Amino acid sequence: MGVVTISAAFGAGGSEIGPAVAIALGLPFVDRAIPVSVAGRLGIPVRDAEEKDEHVDTGWWRILSTMSFMPDAAGVGPFNTVPDERTFVEQTEQVLREVAGRGGVILGRAGAIVLADEPNALHVRLSGPLKARVAAHARRRGCSLKDAETEVRTNDSARETYVRQLYRCDATECRHYHLVIDTTVLPWDEVAAIIVNAAKARGVAG
């Protein structure tokens with residue numbers, strides 16, 4: 001089995017490339033199912049879990065991304081303002097480890113950090129220059145470059161803050177990944193094929 005973790009900058013195609021990789025490897029793609037599973041374990045509404053989830057484009061993490069830049073005179077981080085945040089994170093990590101145990105493709109949730117010691121794992125980072133990702137996102141959404149840039153910057157900030165606040169590291173650093181791909185210069189089906197070949201070389205297969 002094994003696991004592929006995919007960390008993606010906003011507009012880099014993670015939600016399209018991830019499922020393609022999973023299908024090619026014969027493994028489940030795990031994304032939106034994560035907050036649903038965590039909600040069930042904690043006995044909270046799915047909506048509450050989704051608002052705390054890293055991969056939702058609005059909600060709690062979006063708020064956190066702005067809070068993280070505020071000075072903290074008391075010396076405590078923003079997580080202390082949210083009840084049971086550590087429990088939520090621990091349950092999310094447990095879900096990731098269970099997925100790794102049975103095999104899967106995981107998008108986001110600091111998978112490369114949480115599962116750094118997994119032997120049969122491939123950790124991938126998808127990114128590209130901001131300007132290129134903004135232009136591509138504007139084309140796909142049919143919106144202005146200004147609106148696209150706002151959305152890309154906001155979501156990049158939220159996703160990077162998730163890793164920085166929880167794990168005290170930079171999600172964009174290459175050292176966390178086996179493979180880093182600029183998805184703005186390659187067709188996404190080719191990117192998926194590259195990841196699939198690398199995953200097989202790491203012993204990942206359905």
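With the requirement that a residue be surrounded by 20 or more Cβ atoms within 10 Å (Cβ to Cβ), hydrophobic (A, V, I, L, M, F, W, C), modelled with pLDDT of 60 or more and part of a helix (DSSP H, G or I), what does region 14-42 give you?
ILE17, VAL21, ALA22, LEU25 - these are the residues of region 14-42 that are surrounded by 20 or more Cβ atoms within 10 Å (Cβ to Cβ), hydrophobic (A, V, I, L, M, F, W, C), modelled with pLDDT of 60 or more and part of a helix (DSSP H, G or I).
ALA135 is checked against (1) among the aliphatic types (A, V, I, L, M); (2) more than 16 Å from the chain's Cα centre (by Cα); (3) part of a loop (DSSP other than H, G, I, E, B) and fails just one. What number does that condition carry?
(3)
Quick one: in region 79-104, which of the residues that are of a type in the set (D, E, K, R) and in a helix (DSSP H, G or I) is modelled with the lowest pLDDT? Before you say what the answer is, go through the steps one by one.
Kept after step one, since they are of a type in the set (D, E, K, R), are these residues of region 79-104: 84-86, 90, 93, 97-98, 102.
Keeping just the survivors that are in a helix (DSSP H, G or I) gives 85-86, 90, 93, 97-98, 102.
Values: GLU85: 66, ARG86: 72, GLU90: 80, GLU93: 85, ARG97: 90, GLU98: 85, ARG102: 89.
Filtering region 79-104 for residues that are of a type in the set (D, E, K, R) and in a helix (DSSP H, G or I), the one modelled with the lowest pLDDT comes out as GLU85.
Cβ contacts < 6 Å: first residue within 24 Å of VAL196 (Cα to Cα), restricted to region 89-107; second residue modelled with pLDDT under 90 and of a type in the set (Asp, Glu), any location; separation 6+ or different chain. Result?
Short answer, once both residue conditions are applied: LEU107/ASP31.
Table: residues versus (1) exposed (fewer than 14 other Cβ atoms within 10 Å of the Cβ); (2) touching a residue at least 60 places away in the same chain (Cβ under 8 Å).
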site	(1), (2)
GLU151	no, yes
THR154	no, yes
PRO187	yes, no
ILE194	no, no
ASN197	yes, no
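Quick one: which residue in THR154, THR184, THR161 is part of a loop (DSSP other than H, G, I, E, B) and over 22 Å from PHE29 (Cα atoms)? Can you show your working first?
Details: THR154 fails: part of a loop (DSSP other than H, G, I, E, B); THR161 fails: part of a loop (DSSP other than H, G, I, E, B).
After ruling out the rest, the residue left standing is THR184.
If we scan region 109-126, do we find a residue that is surrounded by fewer than 23 Cβ atoms within 10 Å (Cβ to Cβ), more than 17 Å from GLU16 (Cβ to Cβ) and basic (Lys, Arg)?
No, the conditions are met nowhere in region 109-126.
The values are calculated or read from the model by the stated rules, or taken from the named source; none is laboratory data. These numbers were taken from a predicted model, which means no experiment stands behind them. Heads up, the Cβs are rebuilt from the backbone with ideal geometry, glycines too, and the neighbour counts pull from every protein chain shown.
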